[in-house]
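Below: the structure, in structure tokens.
The values are calculated or read from the model by the stated rules, or taken from the named source; none is laboratory data. Predicted model, so just to flag it, every value in this text is computed and none were measured. FYI the Cβ positions are ideal-geometry reconstructions off the backbone, even for glycines, and counts take in every protein chain you see.
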Amino acid sequence: MEAGIVGLPYIGKTAVFSALTALRTDTGGSSSAKPNLAIVQIPDPRLAAINHHIETQKIVPATMQLVDVAGLVVGASKGEGLGNKFLAHIRNVDAILHVVRCFEDPDVPHINDTIDPIRDIDQVETELMLADLEVVENSIKNAQRKARTGEKEAKARLELMERCEAQLSEGRTLRGLMDDLNSEQQKLLKSFAMLSAKPTLFVANVSEDDLEGSNDHVQRVHKYATDHGGQMVSVCAKLEAELGELDETERTEMLEGLGLTEPALHVLARAAYHLLGLQSFFTAGPKEIRAWPVAIGSTAPQAAGTIHTDFERGFIRVEVHTVANLEEYKSEQAIKSAGKLRVEGKDYVMQDGDVCHFLFNV
Ligand SMILES: Nc1nc2c(ncn2[C@@H]2O[C@H](COP(=O)(O)OP(=O)(O)OP(=O)(O)O)[C@@H](O)[C@H]2O)c(=O)[nH]1
Ligand SMILES: [Mg+2]
């Protein structure tokens, strides 16, 4: 699973990417077509909470893959700039982090000269929708041909594509259509990898003097996100980059000085993880305490399969408790003695934060 950072040129995408990956990538306004790829760790306070009661040699957080796509220019859907190449990068991601410039800084030029996040969002989303419209129109032609021969599957495809065409013609993203579709149609639409259908998180890149995001620009992005089937997180990429340079103690001091409990970046990383439809379960032992990513709604055998494919095949049962159980009873032995250790079978649907011991036979 992979999230992609998307937005207009020079609005802080690489700054957000670098901060998230703690890489010191040079942010000199690259706009190259080669995307930057990185693995991002998902900060999770529950790992330390587990470690408070279970000693271990190492702690391994969950991760997700992140791509820094170069800036999208107006006309990309018609091949402007490195248009089609950019759009192809976006097509491959499972979710979009749409960075929007909300900070004022006369030293940093803006491609549209003024700061207006809604205009910027509109320009980017229009390119995505135009690219989708092209796919939709071609698919309609194709499906019409096949439907004439009585192919049932083609009829369903035609009906869905016509709905997509209507939605896009009204200037609305396919994201907004998802909820109105039945599960079969959703699955079909996903198979087309439409750009404007991808789950989207708007990342408002705010000024250092407006960390709460109370200024007008941020409020407008928030409203837009709510009205257009997206979510929003605000971060100050510049400040996050500075925080990343500090050691643990200095960072805590700086955050306290700002009245924050954790970097906004942590909030962003977790939001992106959820946007990808992922949640974590834990394994904990003397060798390692580890968070594992698993798709929301996965069963216990599928979760076991993320550790090792053999574990899925040979799954017998899983013993489960929670971080809250551990905090109350202080040890896994005590949880068991209190009768709170659950034993679940192959139909068990994993819950976020389950601490697991899998039993399997290979
Ligand atoms: N004041 C201020 N400047 C920022 C902030 N975020 C980024 N910048 C500056 O804005 C400029 C562009 O930032 P980048 O991160 O390279 O922007 P980008 O969107 O990746 O640009 P392209 O890859 O060229 O499309 C750099 O000079 C950054 O230092 C911020 O939060 N505040
Ligand atoms: Mg960049």
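Quick notes
- Any hit, region 82-89, residues being assigned to a loop (DSSP other than H, G, I, E, B), in the same structural domain as Val6 (by TED's automatic domain parsing) and modelled with pLDDT under 90: yes
- Selected residue [away from ligand 1 (no atom under 16 Å from the Cβ) and either surrounded by 19 or more Cβ atoms within 10 Å (Cβ to Cβ) or within 22 Å of Pro61 (Cα to Cα) (or both)] from Glu256, Glu245, Glu288: Glu288
- Matching residues in region 243-296 - criterion: being farther than 25 Å from Val67 by Cα, at pLDDT below 95 and among the basic types (Lys, Arg): Arg251
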